[in-house]
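Enquirer: The structure follows.
Only the coordinates and a few stated rules stand behind these numbers; no lab work does. Note that this is a predicted model, so its numbers are computed, not measured. Methodologically, a virtual Cβ is constructed for each residue, glycine included, from the backbone with ideal geometry; neighbour enumeration extends over all protein chains shown.
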Amino acid sequence: MLLSQGEEPARTAGHGARRTVDEVPATASDEASRDAVRVAGSERLWSGAGTVGTGVVWGLRATGEGPPHRTAADLDEGAYTCGCASSQPPCPHALELLALHAGDRPVLRRSAEPPAWVAEWLTGVRGGIAADGAPGAAAGPGAKVDDGAGDRARAARRRADRRAGRITGGAQDLEQRLTDLLRGGLAAAQDPGNPLWEETAARMVDAQAPGLAHRVRELGEVPASGAGWPARMLEECALLHLLDTAWLGLGRLPAPLAATVRTRVGLTASAEGPAVRDHWLVLAQYDVPDARIVTRRVWLHGRASGRTALLLSYGAAGRTPDLALPVGSVIDAEVTPYPGGGRLRGELGRRFGEPYADPSPPPGGTTADALAAYGRALRDDPWLDAWPAVLGEVVPAPAAEGWRLVGADSTALPVAGPALSRPGLWKLVALSGGLPLTVFGACGHRGFEPLAAWPPGTSDGLGAREPVALL
């Protein structure tokens, strides 16, 4: 079970319009270009390459026969330029550049401003506005000099409007494709060679809606999920239709739900509102790697506020994210929530003092409490896979189709399928030894996924024992 709290697609959060390594081939306009980028390993062919802000990247691509091609991409605007003869943007060289950008390759140096030739091109693309984060400095000949906050705000609004228009076009296209799928029947959807999913996901990437693209790709995996897949396919199609129509009617939604829809579609947001200072107990920490980045998820529980918060930290593929908070440690710090998704995701702010260990478990509830909390969260975010919960006094017990966590009131939650094959389940069983213990995890429609456990107290009266991470 994937625990997503409105930050999905997590691998793009905080990275503006940057593509993932998997998304770059989908940007290609034809199959030949798609194949070219898949086999590209051309870092040595690039020079003078760099990036500014979150969406502008450029470089000189050697050709071996003449002067190098000047290639650049403005991901915020979906615009590309290259000196080659290709008439189908993005050309293979632009796709290579996007692949280097997606892979965060060292050849792309971060810069405060683009070179003059890129700035001049951006001037034409953005209607006289210089590059993000470098007002005025990047302007080329004849460009408008943006030296005021008002100009920057207006430029940002224009970009946001253009992107919203693209997303709306993509959502309308997706609605038509879902309609065609259901009218034609689901039988064709199980054909592994059916290009429907990849083409539709590519269309959503072009529409700058990575959240929709992510969900479309997940749809393509449903036919391989085993018996009963048509029912699951219909469920996922319904959720995708709901998200689509929510975007198309965004202006009629309450502000919190509208914020959730924006996040689910793939728009990024900044943390906002008053920061909450508390002594935050670290409930769980684990990494979710993919082809391009590693996402670290850290769950916190406020000792005084009782709030639960999720921190996200990112690292390049193969590298460990910087944020490291061991399970069971406590930090005195401020956390600022992000909008949408039940305001569960937070940004770690100022810290006060050094972390310290605290083996005492967080307060736990019953299995009914966990289900009720998940139900309430679904009311605010219908696309939620699971919701964090602490179960107190539960015992892992085998069942006919896996394992369950049985509470003192004899109610139980099934252990989610993905957790059944992990070593963490056997750690949990060993820690319990048949006695009740406290378990933190994710409660969702597929069951409960244990993430950390606090063993029963010692019989010699020495008190609580250290918590154990299960993932």
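Enquirer: Assign one of three labels to the range 243-303, namely rounded, prolate or oblate, based on the Cα gyration tensor with a ≥ b ≥ c the square roots of its eigenvalues; rounded applies when a/c is under 1.5, prolate when it is not and a/b is larger than b/c, and oblate otherwise.
Expert: oblate
Enquirer: What is the distance, in nm, between label points placed 7 Å from the Cα along the Cα-to-Cβ direction at R157 and at C84?
Expert: The modelled label-to-label distance comes out at 4.0 nm.
Enquirer: Once you have the Cα-Cα distance between A116 and T179, take 0.36 nm times their residue separation minus that, and quote the gain in nm to one decimal.
Expert: Separation in residues times 0.36 nm, less the Cα-Cα distance, equals 17.9 nm.
Enquirer: Here is a further query. Give me the one-decimal nm value for the distance between modelled label points at T411 and A227, 7 Å along each residue's Cα-to-Cβ direction.
Expert: Result for the modelled spin labels: 3.0 nm.
Enquirer: Same structure again: Any chance you could check the Cα centroid distance between the range 366-425 and the range 167-202 for me, in angstrom?
Expert: 33 Å
Enquirer: Decide, for the range 195-263, between rounded, prolate and oblate: order the square roots of the alpha carbon gyration tensor eigenvalues as a ≥ b ≥ c, take rounded if a/c falls under 1.5, and otherwise choose prolate if a/b is larger than b/c, else oblate.
Expert: Because a/c hits 1.5 or more and a/b fails to exceed b/c, the range 195-263 counts as oblate.
Enquirer: While we're on this one: Just add up the charged neighbours of Y374: K/R +1, D/E -1, any other residue whose Cβ is under 14 Å from the Cβ of Y374.
Expert: Cβ neighbours under 14 Å give a net charge of -2.
Enquirer: Then there's this: Tabulate in residue order the Karplus-calculated ³J(HN,Hα) for the range 402-410, using 6.51 cos²θ - 1.76 cosθ + 1.60 with θ = phi - 60°, rounded to whole Hz; enter x for Gly and Pro.
Expert: Per residue, the Karplus-derived 3J(HN,Hα) values read x, 10, 10, 10, 9, x, 5, 8, 6 Hz.
Enquirer: If you don't mind, there's one more thing I want to ask. Quick query: amide H of G266 versus all other amide H atoms, modeled in the peptide plane; which residues come in under 5 Å with a sequence gap of 5 or more or a different chain?
Expert: G211
Enquirer: With the cut-off at 1.5 for a/c, could you classify the range 372-471 from its C-alpha gyration tensor as rounded, prolate or oblate?
Expert: prolate
Enquirer: If you don't mind, another one. Sort 95-104, 412-421, 255-264 for me by packing, meaning the mean count of neighbouring Cβ atoms within 10 Å per residue, highest on top.
Expert: 95-104, 255-264, 412-421
Enquirer: Skipping prolines and chain starts, which residues have an amide H placed within reach, meaning under 5 Å, of the one on Y286, given they are 5 or more residues away or on another chain?
Expert: Amide H to amide H, under 5 Å and 5 or more residues apart or across chains, Y286 pairs with R297.
Enquirer: Please turn the phi angles of the range 418-426 into ³J(HN,Hα) values with the Karplus equation 6.51 cos²θ - 1.76 cosθ + 1.60 (θ = phi - 60°), one per residue in order, whole Hz, x for glycine and proline.
Expert: Karplus values, whole Hz, x for Gly and Pro: x, 6, 5, 9, 9, x, x, 5, 6.
Enquirer: Calculated FRET efficiency, D322 and A357, Cβ-Cβ r, R0 25 Å, to nearest 0.05?
Expert: After rounding to 0.05, the efficiency reads 0.75.
Enquirer: Skipping prolines and chain starts, which residues have an amide H placed within reach, meaning under 5 Å, of the one on E347, given they are 5 or more residues away or on another chain?
Expert: Here T336, Y338 satisfy the definition.
Enquirer: Another question, if that's okay. Can you compute the FRET efficiency between E199 and Q172 using 1/(1 + (r/R0)^6), with r the Cβ-Cβ distance and R0 = 25 Å? Round to the nearest 0.05.
Expert: 0.95
Enquirer: Report the calculated FRET efficiency for S47 and A187 (r = Cβ-Cβ distance, R0 = 51 Å), to the nearest 0.05.
Expert: 0.50
Enquirer: By how many nm would the segment from T245 to W426 lengthen if fully extended, with 0.36 nm per residue of separation less the alpha-carbon distance?
Expert: That pair, T245 and W426, stretches by 60.8 nm at full extension.
Enquirer: I'd like the Karplus ³J(HN,Hα) series for the range 202-214: coefficients 6.51, -1.76, 1.60, θ = phi - 60°, whole numbers in Hz, and an x wherever there's a Gly or Pro.
Expert: With coefficients 6.51, -1.76 and 1.60, one gets 4, 5, 5, 5, 4, 7, 6, 10, x, x, 5, 4, 4 Hz.
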